[in-house]
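Report on the structure given below.
The values are calculated or read from the model by the stated rules, or taken from the named source; none is laboratory data. Note that the structure is predicted; figures quoted are calculated from it, not measured. Cβ atoms come from the backbone with ideal geometry, glycine included; neighbour counts cover every protein chain shown. We work out accessible area using only protein heavy atoms, side chains counted, and drop any ligands, DNA or RNA first. Shrake-Rupley method; radii C 1.70, N 1.55, O 1.52, S 1.80 Å.
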Amino acid sequence: MSIQTKPLNSSDAAVPSGPATSANSVVVDRLIYAFAGLAAILLAYNLYQIFMVLGDELQQGAIYRIIFFHVPAALTAFIGFFVAMVLSVVYLSTNNLKWDSLAAAINEVSLVFACVNIVTGSIWARIIWGIWWTWDYRLTSMLVCILIFFGYLLLRQSIDEPTQRARLSAALSIFGCVDIVIVWKSIEWFRTQHPGPVLSIRTGGGSMDPTMEAAIYRNLIPLLLIAISLVILRARQESTAREIDSLRRRLM
């Protein structure tokens, strides 16, 4: 009795193990350690600057320092979501599942930073506004963004067929980035509970002290490095899962 195997295309093929794979694994490990170590050093320096060098804000006092994590977390999430969107478009153009796996890893990590943004914002709001939450345009659109990408992860868990999962995930990733544009522009379009633009890179912004604004951008760097480290780790796990799935389908 012979066993029939299902032909695989180039995007399905499992990567053979061997010395080359082991060497690649060592390189990946070193990259993770390097990015994480550099992020730790920069973060320690930034924390010293934020808490020991910068003074309190005139109206808000010490609580304003949460902005140095609130804003960089949002920027990290948005950058990641848009990079994942580009990779999703690349997947739709090439049908190579490695781009889908990388997009999934980036979206998962970006979602974590989006949650950090909304949690720190709620803490800040409780101190300044006296409430944890309000259905402000900025807050609501950010919550919708988080729900969209939570749905993205649930979608990937609910579909076993790799090609169908990748195509639907790519479509949802692209759709989610439309909401990110709304999140970004909402404080320019609607003036409600959330403060208007203060960063100099924003339309109508520039009211923040340059020293404080520079600290925000400095703290963005270690958060990006942490995100990259997590993406590399998740991408490796996604690659392993793709190989296992490929072998399973080959034997079916």
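Compute the helix-to-body angle for 19-48: its Cα long axis versus the longest principal axis of the chain, expressed 0 to 90° and rounded to tens.
For 19-48 against the chain, the angle is about 10 degrees.
Obtain the nm distance between the two label points defined at Leu155 and Ile127 by a simple spin-label model: each point lies 7 Å from its Cα along the Cα-to-C-beta direction.
That separation, rounded to one decimal, is 3.7 nm.
May I ask you to evaluate 6.51 cos²θ - 1.76 cosθ + 1.60, the Karplus curve with θ = phi - 60°, for each residue of region 165-173 and list the ³J(HN,Hα) values in order in whole Hz, giving x for glycine and proline?
So the Karplus estimates, Gly and Pro as x, are 4, 5, 5, 5, 5, 4, 5, 5, 5 Hz.
Would you kindly find the accessible area of Phe35, with a 1.4 Å probe and non-protein molecules such as ligands, DNA and RNA excluded, rounding to the nearest 10 Å²?
60 Å²
Find the accessible area per residue for region 21-251; the probe is 1.4 Å, ligands and nucleic acids are left out, and the unit is Å².
Details: 11910 Å² over 231 residues.
With the other protein chains kept in place, region 21-251 gives 52 Å² per residue.
Excluding Gln59 itself, what net charge comes from residues whose Cβ is under 15 Å from its Cβ, given Lys and Arg +1 and Asp and Glu -1? Intermediate results must be reported in sequence, preceding the final value.
Values: positive: Arg65; negative: Asp56, Glu57, Asp209.
My count for the surroundings of Gln59 gives -2.
Take Ile67, Ile41, Ile79, Ile232 and sort them by solvent-accessible surface of the protein heavy atoms, 1.4 Å probe, largest at the top.
Values: Ile67 15, Ile41 115, Ile79 80, Ile232 35 Å².
Result, largest first: Ile41, Ile79, Ile232, Ile67.
Can you work out ³J(HN,Hα) from phi for every residue in region 121-127, in order, using Karplus 6.51 cos²θ - 1.76 cosθ + 1.60 and θ = phi - 60°, giving whole Hz and x for Gly and Pro?
x, 5, 4, 4, 4, 4, 6
For region 21-251, with all protein chains present and a 1.4 Å probe, just round the carbon and sulfur fraction of the accessible area to a whole percent.
Details: 8110 of 11910 Å².
On region 21-251, the fraction of accessible area on carbon and sulfur atoms equals 68 percent.
Enter the angle in degrees (range 0 to 90, nearest 10) between the Cα long axis of helix 210-250 and the first principal axis of the Cα atoms of the chain, meaning the one along which they spread out most.
Approximately 20 degrees, to the nearest ten.
Please work out whether region 147-235 counts as rounded, prolate or oblate from its C-alpha gyration tensor, where a ≥ b ≥ c are the square roots of the eigenvalues and a/c under 1.5 means rounded, while otherwise a/b larger than b/c means prolate and anything else oblate? Show your work: numbers first, answer last.
On the way: a/c = 3.79, a/b = 1.70, b/c = 2.23.
Here region 147-235 falls in the oblate category.
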